[in-house]
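Asks: Shown below is the structure under consideration.
The values are calculated or read from the model by the stated rules, or taken from the named source; none is laboratory data. None of these values were measured; they are calculated from a predicted model. A quick note on method: Cβ atoms are made from the backbone with ideal geometry, for glycine too, and the neighbour counts reach across all protein chains shown.
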Amino acid sequence: FQQTRGNDVIPRYVRVNTLKTTLEDVIDYLKREGFSYQGTAFVVFFLTIISPFHRPSAKTAFHNHFLYKAGHIILQDKASCLPAFLLNPQVGSHVIDACAAPGNKTSHLAAMIKNKGKLFAFDLDAKRLSTMSTLLLRAGVTCHQLANQDFLKVDPQSSEYKEVEYILLDPSCSGSGMVCLRDEVSELQDEGRLQALATFQLRCLNHTLQFPRVQRVVYSTCSIHSQENEEVVSACLQQNPAFRLVHLLPNWPERGHEPFTECLRASTAKTRTHGFFVAMLERRPPQTDEEN
Ligand code: SAM
């Protein structure tokens, strides 16, 4: 659901944590608090995860709200809910969240697999991982295995990961899509820094495709720069012909830059969210003898 914030350019969104509650219960709770329910969100698929509420005069601090403290709602931008939703791992499957902290998308993945199966989450930053442990505990996540580890050093051939079919990669990026950071980061976007980030992102994306049973990989950033988005995807596809792009949400209003229109972009102007990019790669089906 969303709450419009004073003069802010984007609404405040929260994700309903289906590990702990249901959309209906959250709607009832907020109605009893005086929120008015304004129907479902404008894109049908968000029905199950996000619905808009609006209480014009209220400046509700959701950080202090019971539903947040109890882990029933997660404060997460709508665009940032796309990666786990689109990866759509099956209940009981094995999933990797490659650059996971502070764990919003990890907890979303756990909700999608209903805490069944296995969720391997890696991050280099110990402090962010400790924040993540608190978040996952509050969200009722139990299927995870956290590791303070460089994802690039995780061995894809290890028997631990032999059943991994889904990987979410949301690596460090320039953050140029974050409305609150825009002024701060704009001065730092020199070509050298963007190039270094893009090189790291491509290495990570290539690494995800080395896991022997991986079927689908979602790559996302909160950057508006094509160097970190379409150009990373383009280089990766050239280096990994066994994978192709999946055409995501045909009705989504903002697409990746030509020719990568299978991918999604998000922005304050078109989707009323932070700036965001999402691509999904899938393994091509094996060719039959006739096709060879
Ligand atoms: N997916 C997270 C979420 O939704 O809460 C946000 C991830 S943030 C954009 C990127 C994360 O990647 C940071 O926490 C950073 O510490 C981590 N990171 C950077 N380099 C890494 C590496 N080589 N291996 C694992 N994690 C890394």
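Asks: Name the one entry in 100, 111 that is at pLDDT 95 or above, surrounded by fewer than 23 Cβ atoms within 10 Å (Cβ to Cβ) and under 17 Å from the mean Cα position of the chain (by Cα). Before the answer, list the steps.
Replies: Values: 100 fails: surrounded by fewer than 23 Cβ atoms within 10 Å (Cβ to Cβ).
When all the criteria are applied, what remains is 111.
Asks: I would also like to ask the following. Based on what the data block shows, is residue 223 crowded, with 23+ Cβ neighbours inside 10 Å and under 21 Å from residue 87 (Cα atoms)?
Replies: Values: crowded, with 23+ Cβ neighbours inside 10 Å: yes; under 21 Å from residue 87 (Cα atoms): yes.
So residue 223 passes the test.
Asks: Of all residues being of a type in the set (S, T, N, Q) and surrounded by 14 or more Cβ atoms within 10 Å (Cβ to Cβ) in region 193-211, which is nearest to residue 173 (Cα to Cα)? Just the residue, please. Quick ask: steps written out before the conclusion?
Replies: Step one: list which residues in region 193-211 are of a type in the set (S, T, N, Q), which gives 195, 199, 201, 206, 208, 210.
So of that shortlist, the ones also surrounded by 14 or more Cβ atoms within 10 Å (Cβ to Cβ) come out as 201, 206, 208.
Details: 201: 8, 206: 16, 208: 17 Å.
Among them, the one singled out is 201.
Asks: Just give me the residues in region 225-255 being under 20 Å from residue 177 (Cβ atoms) and basic (Lys, Arg), in sequence order.
Replies: 255
Asks: Quick one: how many residues across region 118-128 are buried (at least 21 other Cβ atoms within 10 Å of the Cβ) and either of a type outside the set (D, E, K, R) or touching a residue at least 40 places away in the same chain (Cβ under 8 Å) (or both)?
Replies: Within region 118-128, the subset buried (at least 21 other Cβ atoms within 10 Å of the Cβ) is 119-123.
Remaining after also requiring either of a type outside the set (D, E, K, R) or touching a residue at least 40 places away in the same chain (Cβ under 8 Å) (or both): 119-122.
So the count comes out to 4.
Asks: Also, quick follow-up: What's the number of the condition residue 223 fails, among (1) among the polar types (S, T, N, Q); (2) out of contact with any strand residue (DSSP E or B) (no Cβ under 7 Å at 6 or more places or on another chain); (3) modelled with pLDDT of 95 or more?
Replies: (2)
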